[in-house]
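Since the structure comes first, as C-alpha cells, the remarks are kept for the end.
The values are calculated or read from the model by the stated rules, or taken from the named source; none is laboratory data. This is a predicted model, so every value here is computed, not measured. Cβ: placed from backbone, ideal geometry, glycine included. Neighbour counts: every protein chain shown.
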Amino acid sequence: MINLSNIGEILLSEMINRSHAVQELLTQSISFISLTEKEFIAVPEAQLNRFEKYGFDGAHKLDVALLFGNTRKCLGLEAKLGIERLNRREFDKRFLMECGTSHGKSRISGSIIAILEGKLPNRRESSRIIVKHQQTEYELLPTWILVVRNRILNDWSRLGLPSLSDHCHILPFEKIVGNFGGRDLFNSLVREILEGDYYREWIEGI
C-alpha cells in the first residue's frame, strides 16, 4: 500500500471541502475562523510567494491552505502523518530551526513549519507572508494548524511537546477522519484514486 503521508494533503483537502462536520471541527478548534469569514475552501500544496523583499523556493508550499475568499486571508495547515522521527528533540531539530536565506540572500531557506512559526530573518510586526493560488494573492495568517497521528500526540503527552508557539493548534488526524464519517467514507474517498482498506492500515494500525 502507498503510505498515508504520500497523499495526506489531498485527503485532508477533500475531507475539509466535502464535510460540514470537518469544517465545524476546524472552526471550533480555531474560533476566530467563523468571525473572520463564513466560508473557506481547502487547497492542497499552495505556494508561498513572498515575504517582504524575499521570495521562496518552489518547494515552499503549504500542505493545505484554507482560503478565505472575501478577505483574501489564508490559514496554513501542515500535516506530519508519519510515526517516526517526531519526538520533541527530532521535531525541533528538523522543523523549528531559524530560517536563513539563499540565492544571494533573495530567497528564504528553512522548513515550512519554521516559516509558519515566524522564524524568519528581519521579521517585523508589520511583516506579511503572501500565498498565491490561481493568480490570486492571500495574506497568510499567523495562526496555523498542525495535524499529526494520535500515536504521536500520546508520545508528546508523555515525553513533552515540541517547542511550538501558541499560534500552532494541533489536531489529531484520526479526529478529522472520525468527523468525516469513519471507515466507509474514508475508504471511499481514497478509492477514488487508489484501492485498499486504508482505514484498517492507517487508522487502526493493523
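Couple of notes before you dig in:
- Cβ separations smaller than 9 Å between residues 6+ apart or across chains give the following pairs from the range 109-122 residues that are within 8 Å of GLU98 (Cα to Cα) to residues that are among the charged types (D, E, K, R) and surrounded by 17 or more Cβ atoms within 10 Å (Cβ to Cβ): GLY110/LYS119.
- Residue check, LEU86 crowded, with 18+ Cβ neighbours inside 10 Å, in contact with a Lys or Arg (Cβ under 9 Å, 6 or more places away or on another chain), at negative phi and hydrophobic (A, V, I, L, M, F, W, C): yes
- When restricted to residues that are among the polar types (S, T, N, Q), outside any loop (DSSP other than H, G, I, E, B) and closer than 18 Å to LEU161 by Cβ, the range 94-115 contains 0.
- Residue identified as surrounded by fewer than 16 Cβ atoms within 10 Å (Cβ to Cβ), modelled with pLDDT of 95 or more and aliphatic (A, V, I, L, M) among MET97, MET1: MET97
- Within the range 97-143, tally of residues that are over 24 Å from LEU67 (Cβ atoms) and hydroxyl-bearing (Ser, Thr, Tyr): 4
- Residue list for the range 116-174, filter: basic (Lys, Arg), more than 19 Å from SER13 (Cα to Cα) and not in a helix (DSSP H, G or I): LYS119, ARG123, ARG124, ARG128
- Filter pass, ARG149 being of a type in the set (Lys, Arg), at pLDDT 95 or above, touching a helix residue (DSSP H, G or I) at 6+ places or on another chain (Cβ under 8 Å) and within 29 Å of ILE2 (Cα to Cα): yes
- When LEU140, LEU116, LEU120 are checked against the criterion of being more than 14 Å from GLU52 (Cα to Cα) and either of a type outside the set (Asp, Glu) or surrounded by 14 or more Cβ atoms within 10 Å (Cβ to Cβ) (or both), a single residue qualifies: LEU116.
- Of all residues in the range 78-90, exactly one satisfies the criterion of being touching an Asp or Glu at 6+ places or on another chain (Cβ under 6 Å) and not small (Gly, Ala, Ser), namely GLU78.
- Unmet criterion (only one of (1) acidic (Asp, Glu); (2) crowded, with 19+ Cβ neighbours inside 10 Å; (3) at pLDDT below 95) for GLU125: (2)
Residue-wise test of (1) in a loop (DSSP other than H, G, I, E, B); (2) among the aromatic types (Phe, Trp, Tyr); (3) under 30 Å from ARG191 (Cα atoms); (4) modelled with pLDDT under 95.
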site: ASN6; (1), (2), (3), (4): no, no, yes, yes
site: THR27; (1), (2), (3), (4): no, no, yes, yes
site: ALA42; (1), (2), (3), (4): no, no, yes, no
site: ASP92; (1), (2), (3), (4): no, no, no, no
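- From ILE83, ILE30, ILE16, ILE41, residue being closer than 19 Å to GLU117 by Cα and of a type in the set (Val, Ile, Thr): ILE30
- Restricting attention to the range 96-107, the residues being within 13 Å of HIS60 (Cβ to Cβ) and in contact with a Lys or Arg (Cβ under 9 Å, 6 or more places away or on another chain) number 2.
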